[in-house]
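Here the structure is laid out as structure tokens; the discussion comes afterwards.
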Amino acid sequence: TLAAAALAFWAWRRLEKTKAVADILGAVSPTDKAGRKAAIEKLDKGFKKGDLAATFARAQLLMQDDPDAAQRELETIDLSKGLPVEADQARFQRALIHLTKGEVDAARKLVDAIDLSRHEDVKQRAMIGAVVAEAWGRSGQAKKAKDALELYNPDEDTFAEIRPQLWRAR
């Protein structure tokens, strides 16, 4: 009973932190540079270094102006600790930045460790799958990339938000 209560408390605290981070991100317009800077300051003041949700949020905000800073932020996440789904998310975001910068080998090393079957949300799985497939395709594994991309039809309404990434990977 005590272990179940402790687990419930941990889950509740984690949910509350994630909600607080989402509130900070939700108040920022992607085109508002000053707002992004203020949000980063709120994250720095309100959350401990190493808080996963805050780290992802800082990286997302930094990505707009400085992909290298976003990359450094994501590299602070210890991929061997925490939940495998979160490690995959960090690998995916880091690989996306590497691909954007033309660093295919670095992206490939990251995506090879991603397990798409861990991701239940179909849109998230498709987005991660697109980045994985792009890294494979650009590093000489075109058949493997093509097979992975055939699982997601970019013309489906479900994938409207991530359609550009799916087409880019193709």
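The values are calculated or read from the model by the stated rules, or taken from the named source; none is laboratory data. Only a predicted model underlies this, so the values are computations on that prediction, with no experimental measurement involved. Every residue, glycine among them, receives a Cβ derived from its backbone with ideal geometry; neighbour counts consider all protein chains shown. Side chains included, ligands, DNA and RNA excluded: accessible areas come from the protein's heavy atoms. Shrake-Rupley method; radii C 1.70, N 1.55, O 1.52, S 1.80 Å.
Out of all the residues in region 95-106, is one or more without any contact (Cβ under 8 Å) to a residue 24 or more places away in the chain and over 24 Å from Ala57 (Cα atoms)? Looking through region 95-106, none of the residues is without any contact (Cβ under 8 Å) to a residue 24 or more places away in the chain and over 24 Å from Ala57 (Cα atoms). Of the helices (runs of 4 or more DSSP H) entirely within region 17-77, those holding at least 1 residues that are modelled with pLDDT under 85 and open to solvent by less than 60 Å² (accessible area, probe 1.4 Å) occupy 33-46, 52-63.
Pairs are defined by a Cβ separation below 6 Å, a sequence spacing of at least 6 or placement on different chains, a first member in region 1-18 that is closer than 22 Å to Ala54 by Cβ, and a second member that is in a helix (DSSP H, G or I) and at pLDDT 75 or above; the pairs so defined are Lys17/Ala53; Thr18/Ala53.
Only one of the numbered conditions (1) at positive phi; (2) out of contact with any Ser or Thr (no Cβ under 9 Å at 6 or more places or on another chain) is violated by Gly50, and that is (2). The one condition from (1) of a type in the set (A, V, I, L, M); (2) surrounded by 12 or more Cβ atoms within 10 Å (Cβ to Cβ); (3) assigned to a helix (DSSP H, G or I) that Ala160 does not meet is (2).
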